[in-house]
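K.L.:
One structure follows; several queries about it will come next.
The values are calculated or read from the model by the stated rules, or taken from the named source; none is laboratory data. Keep in mind it's a predicted model, so treat the numbers as computed, not measured. Cβ coordinates were reconstructed from backbone atoms using ideal geometry, including for glycine residues, and neighbour counts include every protein chain displayed. In case anyone asks, the SASA skips ligands and DNA or RNA and just uses the protein heavy atoms, side chains included. Shrake-Rupley method; radii C 1.70, N 1.55, O 1.52, S 1.80 Å.
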Amino acid sequence: MTAYDVAVVGGGPVGMWLAAELYRGGVRPVVLERRAERPPHSKALTIYPRTVEQFAMRGIADRWLAAGTPVPSSHFAILKSRLDFSFLDTRYPYTLFLPQRRTEELLEEHLAELGVPYLRQHAVTGLRQDESGVDLDVDSPGGPAVVRAAYAAGCDGAASVVRAAAGIDFAGTPDTWQTILGDIELTDPPPTPALTPSQPGGSVYMVALGGGRHRLAVIDHATLYDLSDQPVTFADLRASALRVAGTDFGMRETPDAWLSRVGNSTRQAACYRAGRVLLAGDAAHIHYPAGGQGLNLGLQDAGNLAWKLAAEIRGWAPPGLLDSYHTERHPIGLNVIDDSLAQCGLFANPSQEGIALRDRFNAILGAHPSLCRELAVRLSGLAIRYPAAGQAPGQVAGRRVPDLDLRDAPAPTIYGLLHPAKFVLLNLGSAAAFPAGFAGFADRLDVVAAELATDRPEWAGIRALLIRPDGYVAWASQDDDVPPLATWLGGA
């Protein structure tokens, strides 16, 4: 029996990012991954701006920027009217095209640098929790074992063993229709790297993966309701492409082609925490991957959970902090689920009414740039806002803080101040004697006096900011108030 602070079950992107953030928070995590090696295919391909900002807060965004390809726009429901991201208030006003496999490689390298143990061929089969911790039953290369941890985090996907063992309900609906996709070689690809034609008989999403390979996803109204648990065949994909696009783009059948069915099952965990067991990523929510939001949603779950769980383990978390993980993230998960369902209602509706609705909505998007902008902000993740206790509505508390340029500070930007994954109390001109009496918080708080280096009217009146480790504003003041540190950081 080996003891850790947190056993992270599932070594995909969400589990690895959670483990890295827990380590930065000062606790001892271990990652338990059932597979012997990483799958060769990539389910997700898109990194949204808020996720890149998360990496920037830890000083590692350049790794993703070097590996990925910026795409200046995205789509809603595979409609012809594109969503321009260039106006977004971020240093990363684009979607970053990057196959999930490469994200996993970068995160595993990051874990190795931190020294976090990542144990392959460790399949969790069950767990039991008591007042002081969790015992996890593990099938390991050395035989059955028990891993003891203060907490367990289930990042083990839609069929989560952790969620089932904790008795958490996964409420929702099963598949009522399915689409197919494949990563395949094309001998006659379209001239553009991405293609999203929409026809009366369905829709096609295609994007170049490099090396002559393309991701081809087909929403074929002719076979939409033909539910099957059989493997997709190359002939299935070709037939659907011919029906919907009128061409198979010269697709070649190769041994390494990846083919898959994707259904519209939609579920969300009733609670993200049950005692000492917590859930993140697909273990907490699943939906049709409209817009590629699932990976980003899970990574942001991890960023929210990690610092709160670390605070609980280290003993300084104020009452209710860990429970706020569910309070804050459950509505965000539900919002993404609703967004996915809305997109499905537009592209997976073969009725006459559905086709008319799609055509009308596409025309509305084309005629109203403000609506395109709103949808772009929502997809980007930059619009997420959490409840701000004790702060008046309309203030910046609860919002994400942009990476504002600073003058006379230890780092040139706010995200540079967040590299240690601590709270930051940023004094932008308040006369309050902030350093006095704050020494007892040094292990979880950095106090910085600085000035904004650029003209930002919406932030110009702020005299002090308390910024959470995940980059959201805990408290803000336009006066010389003393921040309510005990509310967020417990006792000194």
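K.L.:
Using the Karplus curve 6.51 cos²θ - 1.76 cosθ + 1.60 with θ = phi - 60°, what ³J(HN,Hα) values do you get for each residue of region 61-78, in whole Hz, with x for Gly and Pro?
P.N.:
Once θ is set to phi - 60°, the couplings for region 61-78 become 5, 4, 5, 6, 5, 6, 8, x, 10, x, 10, x, 8, 9, 9, 10, 6, 6 Hz.
K.L.:
Tell me, what % of the accessible area of the chain is carbon and sulfur with a 1.4 angstrom probe?
P.N.:
Looking at the chain in its full context, I get 53 percent from C and S.
K.L.:
Shifting gears a bit: For region 288-296, take each phi angle, set θ = phi - 60°, evaluate the Karplus expression 6.51 cos²θ - 1.76 cosθ + 1.60, and give the result in whole Hz per residue in order, putting x for glycine and proline.
P.N.:
Using θ = phi - 60°, the values come out as 4, x, 5, x, x, 8, x, 4, 5 Hz.
K.L.:
Something else about it: Applying 1/(1 + (r/R0)^6) with R0 = 51 Å to the Cβ-Cβ distance of residue 130 and residue 395, what FRET efficiency is obtained, to the nearest 0.05?
P.N.:
Given R0 = 51 Å and the Cβ-Cβ separation, E is 0.75.
K.L.:
Turning to a different aspect of this structure: Over region 320-361, consider all pairs of different Cα atoms and compute the Kirkwood hydrodynamic radius from their mean reciprocal separation; express it in Å, one decimal.
P.N.:
Answer for region 320-361: a Kirkwood hydrodynamic radius of 12.1 Å.
K.L.:
Still on this structure: On full extension of the chain, what length is gained from residue 405 through residue 112, given 0.36 nm per residue of separation minus the C-alpha to C-alpha distance?
P.N.:
Roughly 102.4 nm would be gained on extension.
K.L.:
Also, I was wondering about something else. For the chain, take every pair of Cα atoms, bin their distances at 10 Å starting from 0, and report each bin as a whole percent.
P.N.:
Final binned percentages: 4, 19, 28, 26, 16, 7, 1, 0.
K.L.:
Considering the Cα positions of region 222-315, please state its Rg to one decimal place and its Dmax as a whole number of Å.
P.N.:
Rg and Dmax of region 222-315, Cα atoms, are 19.7, 62 Å.
K.L.:
For region 1-113, what D do you get in µm² per second when you plug the Kirkwood radius from alpha-carbon pairs into Stokes-Einstein at 4 °C and 1.567 mPa s?
P.N.:
D = 83 µm²/s.
K.L.:
How fast does region 200-269 diffuse by Stokes-Einstein, in µm²/s, taking the Kirkwood radius from C-alpha pairs at 20 °C and 1.002 mPa s?
P.N.:
161
K.L.:
Please report how far the C-alpha centroid of region 427-492 lies from that of region 313-384, rounded to the nearest whole angstrom.
P.N.:
Cα centres, region 427-492 to region 313-384: 31 Å.
K.L.:
If you roll a 1.4 Å probe over the heavy atoms of the protein chains, what accessible area per residue do you get for the chain, in Å²?
P.N.:
Dividing the accessible area of the chain by its residue count gives 40 Å².
K.L.:
Work out the length of the dipole vector of region 346-492 about its Cα centre, built from +1 on the beta-carbon of each Lys and Arg and -1 on the beta-carbon of each Asp and Glu, and round it to the nearest 20 debye.
P.N.:
420
K.L.:
Still on this structure, please answer the following. Just name one of 230, 409, 199: the one whose Cα is farthest towards the positive end of the charge dipole of the chain (beta-carbon charges, Lys/Arg +1, Asp/Glu -1).
P.N.:
Ranked along the dipole, the leading option is 199.
K.L.:
Now a separate question. What share of all Cα pairs of region 283-411, in percent, falls into each consecutive 5 Å distance bin?
P.N.:
2, 8, 13, 16, 17, 15, 12, 7, 5, 3, 2, 1, 0
K.L.:
Distances longer than 27 Å among the Cα atoms of region 336-490: what percent of all pairs is that?
P.N.:
39
K.L.:
Using θ = phi - 60° and the Karplus curve 6.51 cos²θ - 1.76 cosθ + 1.60, what whole-Hz ³J(HN,Hα) does each residue of region 397-403 get, with Gly and Pro shown as x?
P.N.:
With the stated coefficients, region 397-403 comes to 4, x, 7, 5, 9, x, 7 Hz.
K.L.:
For region 90-172, what size does the Cα cloud have along each of its three principal axes, sorted from largest down, in whole Å?
P.N.:
That gives 46, 36, 23 Å along the principal axes, largest extent first.
K.L.:
What is the calculated FRET efficiency for residue 121 to residue 260, with r their C-beta to C-beta distance and R₀ = 22 Å, to the nearest 0.05?
P.N.:
0.35
K.L.:
Treat every Asp and Glu Cβ in the chain as -1 and every Lys and Arg Cβ as +1, leave all other atoms uncharged, and give the resulting dipole magnitude about the Cα centre to the nearest 20 debye.
P.N.:
180
K.L.:
Helix-only mean residue ellipticity at 222 nm, the chain, DSSP H runs n ≥ 4 weighted -39,500 (n - 2.57), per residue, nearest 500. What is it?
P.N.:
Roughly -9000 deg cm²/dmol at 222 nm, from the helical runs in the chain.
K.L.:
Okay, moving on. Answer with one residue from 365, 269, 331: the one whose Cα lies farthest towards the positive end of the charge dipole of the chain, charges on Cβ with Lys, Arg +1 and Asp, Glu -1.
P.N.:
Farthest towards the positive pole: 365.
K.L.:
How far is helix 369-380 tilted, in degrees, relative to the longest principal axis of the Cα atoms in the chain, given as a value from 0 to 90 rounded to the nearest 10?
P.N.:
Relative to the chain, helix 369-380 is tipped by roughly 70 degrees.
K.L.:
Further question: Using unit Cβ charges (K, R positive; D, E negative) and no other charged atoms, how large, in debye to the nearest 20, is the dipole of region 1-138 about its Cα centre?
P.N.:
Computed about the Cα centre, the dipole is about 560 debye.
K.L.:
Return a whole-number percent for the relative contact order of region 102-159, with Cα pairs under 8 Å and 6 or more residues apart as the contact set.
P.N.:
It rounds to 21 percent for region 102-159.
K.L.:
A further question on this structure: How far apart, in nanometres, would the label points at residue 247 and residue 233 be if each is projected 7 angstrom from Cα along the Cα-to-Cβ direction?
P.N.:
For the pair residue 247/residue 233, the computed spacing is 2.6 nm.
K.L.:
Looking at the chain only, what percent of DSSP beta bridges run antiparallel? Nearest 5 please.
P.N.:
75
K.L.:
For region 79-146, with the dipole built from +1 on Lys and Arg beta-carbon atoms and -1 on Asp and Glu ones, taken about the Cα centre, which of 134, 118, 86 lies farthest toward the positive end?
P.N.:
So the residue we want is 86.
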